Amino acid sequence: QVHLVESGGGLVQAGGSLRLSCAASGRIFSINAMGWYRQAPGKQRELVATITSGDRTNYADSVKGRFTISRDNAKNTVYLQMNSLKPEDTAVYYCNINLQTSFFKSSYDYWGQGTQVTVSS
């Protein structure tokens, strides 16, 4: 059993910052890519940022230069530092972690429960 717990969401004024965290626990053999997605009301879930096991990062154009994704492998945790937040960043943010629960099993995507980020103008 694997559990992902997100934290760090909240309400912030435009121009402010927030830091999201997502910690994985349970039966974990190895972790591959980790990422953050978001879903605004009435819109489809979209990719925000990803980071590979080799620390290669990828960002949506809309957040480049403002958001930074990082990971702490010792803590099985992925972070999203969000600076210069805009009202259009308002959404529920979900972490995604691709991991193996044992050597003999294929990797699988696990999702966090989601955390609300609201940016007021």
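The values are calculated or read from the model by the stated rules, or taken from the named source; none is laboratory data. Bear in mind the structure is a predicted one, so any value in this text is a computation, not a measurement. Because the Cβ atoms are built from the backbone with ideal geometry, glycine has one as well, and the counts that use them run over all protein chains shown. Heads up: the accessible areas ignore ligands, DNA and RNA and are worked out on the full protein's heavy atoms, side chains in. Shrake-Rupley method; radii C 1.70, N 1.55, O 1.52, S 1.80 Å.
Brief remarks follow.
- Residue separation of HIS3 and GLN39 scaled by 0.36 nm, minus their Cα-Cα distance, works out to 10.9 nm of gained length.
- Karplus 3J(HN,Hα) series, Hz, for segment 54-61 with 6.51 cos²θ - 1.76 cosθ + 1.60 (x for Gly, Pro): x, 6, 7, 10, 9, 10, 5, 4
- What the chain shows is 55 Å² of accessible area per residue, with the surface traced by a 1.4 Å probe over protein heavy atoms.
- Carbon plus sulfur fraction of accessible area for the chain, probe 1.4 Å, in percent: 47
- The chain: relative contact order as a whole-number percent, Cα under 8 Å and 6+ apart: 35
- Share, in percent, of DSSP beta bridges within the chain that are antiparallel, nearest 5: 90
- One chain, two ends: GLU88 and GLN100. Fully extended at 0.36 nm per residue, the span grows by 0.9 nm beyond their Cα-Cα distance.
- Placing +1 on the Cβ of every Lys and Arg and -1 on the Cβ of every Asp and Glu, with no other charges, gives segment 40-121 a dipole of roughly 80 debye about its Cα centre.
- With both labels modelled 7 Å from their Cα along Cα-to-Cβ, the ALA74 to THR118 distance reads 3.7 nm.
- Candidate lysines for bridging to LYS64, where Cα separation is under 30 Å - those fewer than 8 sequence places away on the same chain excluded: LYS43, LYS75, LYS86
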